[in-house]
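Below: the structure, in structure tokens.
The values are calculated or read from the model by the stated rules, or taken from the named source; none is laboratory data. Computed from a predicted model, the values in this text were never measured in an experiment. Ideal geometry is used to build each Cβ from the backbone, glycine not excepted, and the neighbour counts take in all protein chains shown.
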Amino acid sequence: MIDTSHITIDLINSLSHFLPETTLVVTFLLAMILDVIFKKSKNIAGYIAIAGLVIAGILLFQQTGVNFKGFASLLIVDSFGQFLKFIILVSSLIIIIFSFFSDELHKAHTRLGEYYTLIIGMTFGMFLLVGSANLIMIYLAIETMSISSYVLAGYTKEVKRASEASLKYVIFGAVSSGIMIYGISIMFGLTGSLNLFEINSYLAANQVASIPLLIAGLMILSGFGYKISAVPFHFWTPDVYEGAPVTITAYLSVASKAAGFAVLLRFFKTCLIDRIFGINGTWILLSNIDWRSVIAVLSILTMTLGNLVAIWQTNMKRLLAYSSIAHAGYLLMAVSVMNDNGVSAVLIYFFFYMLMNLGAFFVVQLIANKLDSENIDDYNGLGYRSPIIAVCLTIFLVSLAGIPPTAGFIGKLYIFASVIKSGYIWLAVAGVINSAISLYYYVKVVRNMYLRDVDSAKSKLVYSPIAIIIVLLLAVPTLIFGLYFTPIVEWANYSMNIFIGN
């Protein structure tokens, strides 16, 4: 008789560390069921989603300090994953709140139950991706989050550009997934395993042909690059960001990107780094392939293309889309140094990026509600028509540009510091040049708000007090963390060590 007791014990232990994800599954089911029961309540699923996310956050907090491999090493619970899961969780919560104020969603749909349910489903997929330690688990997690995001991108199906965005998203997603799964098959052929820990052990003990390993690595990276909008896997981003509802555009720009960077860093640290001979937080690559240079080149291409193309944009959502591509390039700078300081810099930057980018998109949504336009020229004179909204948008844009005294400056400071400490001066110079370029298109929006059509007799734009409070709750921390950022830095330094097993 086969002894299965160890399997049962592992399953029970794993489930006890899987409570935040279990909560999301229960929330998904409750939101779907209660939306059917309470048909007259348009946002019942949204309220259930908020409650579920809060409970998941409490359970996630209780995992502080835990390092655990569960479900036969398919998933990992560690401080690194906890940090990025909090980013995803908070982003999901903020997006659901944003959705209550979205005219484009409420005018097009009498009920939004499926919309809120899909956000929870996407959150669950991202949680799985952040903790995945198996190549097939990574693939399944990406598909889980992608299916929800495909539908959400085209949720306002009455709008032609939304249907186009969703279709392009599906096509590019299918291509990148196909390339990635082929890379996974090559990696399995080379090492005989799909588990990142076992692949690491095989590469450490055996000589593997560099060319097939490089091809497999690049194919797998194409799947990650697609999620983070890195060049040359960025083609879907501008059209999808422009066509999707503003809330989903904001969600994809932060939460989806966070999950993508989480799995990218875990893949390198767990799979391709020597676990024995690393010194002072520096990662020693197992193969002869210079992955640092590969990521550094991707970083320069990504931020340069994002910034240069953003200059010519006239639509605010497309401008922020290319801005998002550029920010992926900045984050890749810290990934390319491949040490613990780089991981810490990524975490710090993501926390601040969440505040300033979600804030900018919420302001764009509020303005679109009033003007029914996302054209930058329609922002003319906004500083006088809606002073508080305009000031907050200015804060967000200045922070995205990385100008003190905002949180965005602190984020870039730690990114550049990690790069310079590692001796990549040329990469830091490229980053500074790109930051200077980005200042042009951010300031263009500010110029329109305060220096164009200021004498025209346009009516004032009036917003609800709750909407103003939400904007301020994002804008004020963006300034405060530019001056007092120690708690976030300490949290990131605590969370930077990716669990690589016993």
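Every test in (1) among the hydroxyl-bearing types (S, T, Y); (2) buried (at least 24 other Cβ atoms within 10 Å of the Cβ); (3) over 16 Å from M316 (Cα atoms) is passed by T270 save one, and that test is (2). Put simply, of I211, I289, I186 the only residue that is part of a loop (DSSP other than H, G, I, E, B) and surrounded by fewer than 21 Cβ atoms within 10 Å (Cβ to Cβ) is I289.
Close contacts from the range 30-46, counting a first residue that is closer than 17 Å to L93 by Cα and in contact (Cβ under 8 Å) with a residue 12 or more places away in the chain and a second that is among the aromatic types (F, W, Y) and buried (at least 20 other Cβ atoms within 10 Å of the Cβ), with Cβ to Cβ under 7 Å and a gap of 6+ residues or different chains, come to A31/Y116; A45/Y116; G46/Y116. Is at least one residue of the range 480-493 in contact (Cβ under 8 Å) with a residue 40 or more places away in the chain, under 23 Å from A258 (Cβ atoms) and among the small types (G, A, S)? Yes. Taking (1) in contact with a Leu (Cβ under 7 Å, 6 or more places away or on another chain); (2) in a helix (DSSP H, G or I); (3) buried (at least 20 other Cβ atoms within 10 Å of the Cβ) in turn, A230 satisfies each apart from (2). In the range 8-61, how many are assigned to a loop (DSSP other than H, G, I, E, B) and either closer than 21 Å to F101 by Cβ or over 26 Å from the mean Cα position of the chain (by Cα) (or both)? Residues meeting the conditions: 6. Among the residues of the range 139-163, those that are within 18 Å of T117 (Cβ to Cβ), free of Cβ contacts under 8 Å to residues at least 40 places away in the same chain and among the hydrophobic types (A, V, I, L, M, F, W, C) comprise I147, V151. For the range 193-228, the set of residues classified as under 26 Å from the mean Cα position of the chain (by Cα) and small (G, A, S) consists of A216, G217, S222, G223, G225, listed by residue number. If the condition is being over 15 Å from G183 (Cα atoms) and touching a strand residue (DSSP E or B) at 6+ places or on another chain (Cβ under 7 Å), then the range 129-141 contributes G131, S132, A133, A141. Take I284 and tell me if it is within 28 Å of M187 (Cβ to Cβ), hydrophobic (A, V, I, L, M, F, W, C), touching a Gly at 6+ places or on another chain (Cβ under 7 Å) and touching a residue at least 24 places away in the same chain (Cβ under 8 Å). In short, no. The residue of the range 121-136 that is surrounded by the fewest Cβ atoms within 10 Å (Cβ to Cβ), among those that are in contact with a Leu (Cβ under 6 Å, 6 or more places away or on another chain) and more than 17 Å from V77 (Cβ to Cβ), is I136. Only one of the listed residues (A51, A45, A31) is aliphatic (A, V, I, L, M), modelled with pLDDT of 90 or more, within 15 Å of I119 (Cβ to Cβ) and surrounded by 17 or more Cβ atoms within 10 Å (Cβ to Cβ). That residue is A31.
Inspect all residues belonging to the range 62-78 and state whether any of them is surrounded by 18 or more Cβ atoms within 10 Å (Cβ to Cβ) and assigned to a helix (DSSP H, G or I). The answer is no, given that none of the residues of the range 62-78 is surrounded by 18 or more Cβ atoms within 10 Å (Cβ to Cβ) and assigned to a helix (DSSP H, G or I). The residues of the range 130-151 that are farther than 15 Å from L194 by Cα and among the aliphatic types (A, V, I, L, M), listed by number, are V130, I142, M145, I147, V151. The residue of the range 92-136 that is modelled with the lowest pLDDT, among those that are over 27 Å from N369 (Cβ atoms), in contact with a Lys or Arg (Cβ under 9 Å, 6 or more places away or on another chain) and among the aliphatic types (A, V, I, L, M), is A133.
Each row is one residue, and each column tells you yes or no for (1) under 18 Å from S229 (Cα atoms); (2) modelled with pLDDT under 90; (3) surrounded by 16 or more Cβ atoms within 10 Å (Cβ to Cβ); (4) out of contact with any Cys (no Cβ under 9 Å at 6 or more places or on another chain).
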{"position": "I138", "(1), (2), (3), (4)": "yes, no, yes, yes"}
{"position": "Y155", "(1), (2), (3), (4)": "no, yes, yes, yes"}
{"position": "S166", "(1), (2), (3), (4)": "yes, yes, yes, yes"}
{"position": "V170", "(1), (2), (3), (4)": "yes, yes, yes, yes"}
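With the structure loaded, tell me whether A204 is buried (at least 24 other Cβ atoms within 10 Å of the Cβ), closer than 29 Å to S79 by Cα, in contact with a Lys or Arg (Cβ under 9 Å, 6 or more places away or on another chain) and in contact (Cβ under 8 Å) with a residue 40 or more places away in the chain or whether it fails that test. Here the answer is no, as A204 does not meet what is asked.
Applying the set (1) under 20 Å from T314 (Cβ atoms); (2) crowded, with 19+ Cβ neighbours inside 10 Å; (3) modelled with pLDDT of 90 or more to I437 leaves exactly one unmet item: (2).
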